[in-house]
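In what follows, a single structure is set out as structure tokens and then discussed.
The values are calculated or read from the model by the stated rules, or taken from the named source; none is laboratory data. What you see is a predicted model; the values in this text were computed from it and never measured. Please note: Cβ atoms are built from the backbone with ideal geometry, for glycine as well, and neighbour counts cover all protein chains shown.
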Amino acid sequence: MKFSIFRISLIATASLLPLSLLAIIVFLALYSWPAIQYNAFHFLWINDWNLGNLYGNPITQHGQQIMPGAHYGIWFLVVGTLSSSFIALLLALPLGVGSAIFLSEGLPRTWGTLLSLFVDLLASIPSVVYGLWGYAVLVPFLAKHVYPSMAHILSFNSFFGGQPGTGYGLLTTSIVLAIMMVPLISSTLRETMNMTDPALKEAGRSLGMSRFQVIWHIVLPNLRTVLMGVSILALGRALGETMAVLMVSGNALNYLPDNIYSPISTMASFIASQLDSALQDPTGMAVRALSEIALVLLLIAVIVNIVARLMLWKRGYIHGQ
């Protein structure tokens, strides 16, 4: 009897997370349903977000009340969110893996443990602090000293060699996100490296391998599953980051980036920046449209995680666990 109660308690506890995720998805779907009915699916690939005339009289279109001139298209948000997150991941992965190797294998254990504390502290810094640092320090520095030279050197490529702009934009956002992702990647990989069987390393050294060869051929192959998992976690943080992105992205409206320096907007930051204006819509359609954006963002995060799990399963890493 006690075992049955304990088992039921474990099952109930384990079910809370998937049920809470399902509850959030259901809530967003129900709350944004009027916007879904009005916008259909074409709002995903249209650049036309306009709250309309908030001082006019509501009109009825497609069975829903909206303000005159209101349109809700978010393709620029989808592009801004995905591009900044994936560029940030590309920047963060080598830095995270390199710092983990350096702290775990390149330093004496005492120094590695001490410096690891500072790396872990970076993960606890509020995102708004990163955003303020990016706004006050990174944006002016990149706009004045880095982007003009970078655009000149890479002028043969239109995506990297266009107008460097004011410092607010896609690349700056990606850099800030990457800095926020590095501690998560580094700390997770470092702990996994420390758990690698020392006998395997000693066996490699006895075969005449250098320290780098031991890391490359023995330590890193055991990190594939962990690296995939922590990459998805880091990507999820980048997809949902709000305040830091809001402060350095440029907050572009109905605008697709034509180069890596262009201003952008992401779905999370756009919801935060537009919520106050949307609340002025007496029909409530603007707020429900923002909820629809939140639903799309959540579904993207879920799909990314599902794809990652399928990749791990196909390669046999999940079975190996």
Residue within the range 90-108 that is surrounded by fewer than 12 Cβ atoms within 10 Å (Cβ to Cβ) and polar (S, T, N, Q) present: no
Residues of the range 179-203 that turn out to be within 15 Å of LEU223 (Cβ to Cβ) and assigned to a helix (DSSP H, G or I), as a count: 13
The range 32-44 residues that are surrounded by 14 or more Cβ atoms within 10 Å (Cβ to Cβ), paired with ones that are at pLDDT 90 or above and of a type in the set (D, E, K, R) (beta carbon under 7 Å, 6 or more apart): SER32/ARG288; SER32/GLU292; PRO34/ARG288; ALA35/ARG288; ALA35/GLU292; ILE36/GLU292; ASN39/GLU292
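Here's the yes/no breakdown for (1) basic (Lys, Arg); (2) within 19 Å of the chain's Cα centre (by Cα); (3) at pLDDT below 90; (4) in a loop (DSSP other than H, G, I, E, B):
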site: VAL214; (1), (2), (3), (4): no, no, yes, no
site: THR225; (1), (2), (3), (4): no, no, yes, no
site: GLY236; (1), (2), (3), (4): no, yes, yes, no
site: ALA252; (1), (2), (3), (4): no, yes, no, yes
site: ILE260; (1), (2), (3), (4): no, yes, no, yes
site: PHE270; (1), (2), (3), (4): no, yes, no, no
site: ALA294; (1), (2), (3), (4): no, yes, no, no
site: ALA301; (1), (2), (3), (4): no, yes, yes, no
Lone unmet requirement of (1) buried (at least 17 other Cβ atoms within 10 Å of the Cβ); (2) of a type outside the set (S, T, N, Q); (3) out of contact with any Asp or Glu (no Cβ under 9 Å at 6 or more places or on another chain); (4) closer than 30 Å to ARG288 by Cα for GLY134: (4)
Tabulated pairs, the range 171-191, first touching a residue at least 60 places away in the same chain (Cβ under 8 Å), second surrounded by 24 or more Cβ atoms within 10 Å (Cβ to Cβ) and of a type in the set (Ser, Thr, Tyr), C-beta under 7 angstrom, 6+ apart or interchain: LEU171/TYR261; THR173/SER84; THR173/SER249; SER174/SER84; LEU177/SER84; LEU177/SER85
Any hit, the range 156-175, residues being surrounded by fewer than 23 Cβ atoms within 10 Å (Cβ to Cβ) and either within 14 Å of the chain's Cα centre (by Cα) or of a type in the set (Lys, Arg) (or both): yes
SER277 being closer than 28 Å to GLN64 by Cα, touching a helix residue (DSSP H, G or I) at 6+ places or on another chain (Cβ under 7 Å), surrounded by fewer than 22 Cβ atoms within 10 Å (Cβ to Cβ) and of a type in the set (S, T, N, Q): no
